[in-house]
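Please read the structure below before turning to the comments.
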Amino acid sequence: MHAFRRLLLTELRNRRSVILVSMAALICLNVLLAALPLQFQYASHHLNGVMTLNIAVCYVYLFIVFLRCFSTWNDEWKVHSIYQLLTLPIPRVFLILYKYIAILVESFLYALIMAAGLIIQYRLTDGMLFRAEPLITFNAAKLLFIAQIVLFATCVIFLCFFCSLLGRVFSRFPLMIAFLAFLIGIIITILAVTKLEPTLMIMVLCAAFFGGCHYLLEKRIAIV
């Protein structure tokens with residue numbers, strides 16, 4: 001576990017500058033979004049535009065995290081550190097999990113800032129910006145829905161990991177292979193979730209993509 005913790009801290013330390021810059025940019029965006037309603041004197045159509053901008057910012061940062069899911073393994077090849085990782089006397093499972101947790105930590109930091117920004121905007125507009133009740137009330141159905149979202153996000157992260165590693169198995173066109181594998185994987189995921197029992201299928205797909213990552217790291221990516 002000591003080696004796992006060191007890997008995780010090293011990953012976060014290597015991403016520190018990017019994370020801090022992204023967080024600073026998100027804070028500035030939230031400050032601007034909080035100031036906009038004050039300029040518009042709480043007009044309803046302007047508040048709708050502010051909420052749309054909030055949603056757009058959320059999507060932008062979701063896309064940043066999504067790109068990180070792909071780049072986290074590709075960066076290891078760029079700096080030629082992948083083979084050092086593979087020679088470490090630790091289970092391959094640790095290599096997958098520490099990158100997964102690092103992405104979760106980064107996502108949580110962005111989500112925390114966005115949530116704080118929405119709370120401030122809600123207070124400044126006296127509750128006119130959006131209804132807070134759906135966000136602050138919890139019941140079994142909502143908790144299940146949140147768990148499904150987290151599971152689905154985990155499934156997508158492991159799918160991105162698998163596609164990145166699969167592309168690196170091939171010496172030619174690794175990015176194209178990774179992209180095609182992702183398209184096939186996401187189509188399979190969507191069909192499985194919509195046609196069968198969602199929670200069970202997401203768990204099965206999470207295990208399948210995680211197992212695929214482990215197999216590629218263990219058997220297909222050679223140490224040279």
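Structure data summary
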item: On Cα atoms only, tilt of 92-124 relative to the major axis of the chain in degrees; result: 10 degrees
item: Between 0 and 90°, nearest 10: helix 140-169 axis offset from the chain longest Cα axis; result: 40 degrees
item: Where labels lie 7 Å past Cα in the beta-carbon direction, separation of L124 and A207 in nm; result: 4.8 nm
item: Protection-proxy order for peptides 17-29, 100-112, each taking the mean of Cβ atoms within 10 Å per residue, highest first; result: 100-112, 17-29
item: Computed [θ] at 222 nm, deg cm²/dmol, the chain (DSSP H ≥ 4; -39,500 (n - 2.57); rounded to nearest 500); result: -28500 deg cm²/dmol
item: Theoretical FRET efficiency, 1/(1+(r/R0)^6), r = Cβ-Cβ of I188 and S17, R0 41 Å, to 0.05; result: 0.65
item: Spatially proximal lysines relative to K142 (Cα-Cα < 30 Å; intrachain offsets below 8 disregarded); result: K99, K195
item: Gyration tensor over alpha-carbon atoms, region 138-224, equivalent ellipsoid semi-axes in Å; result: 29, 13, 10
item: Full-stretch length increase - F4, F179 - with 0.36 nm per residue and alpha-carbon distance subtracted; result: 60.1 nm
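Quick note: the coordinates plus some simple rules give every number you see, no bench work behind them. Since the structure is predicted, the reported quantities are computational estimates derived from the model, not experimental observations. Cβ coordinates were reconstructed from backbone atoms using ideal geometry, including for glycine residues, and neighbour counts include every protein chain displayed.
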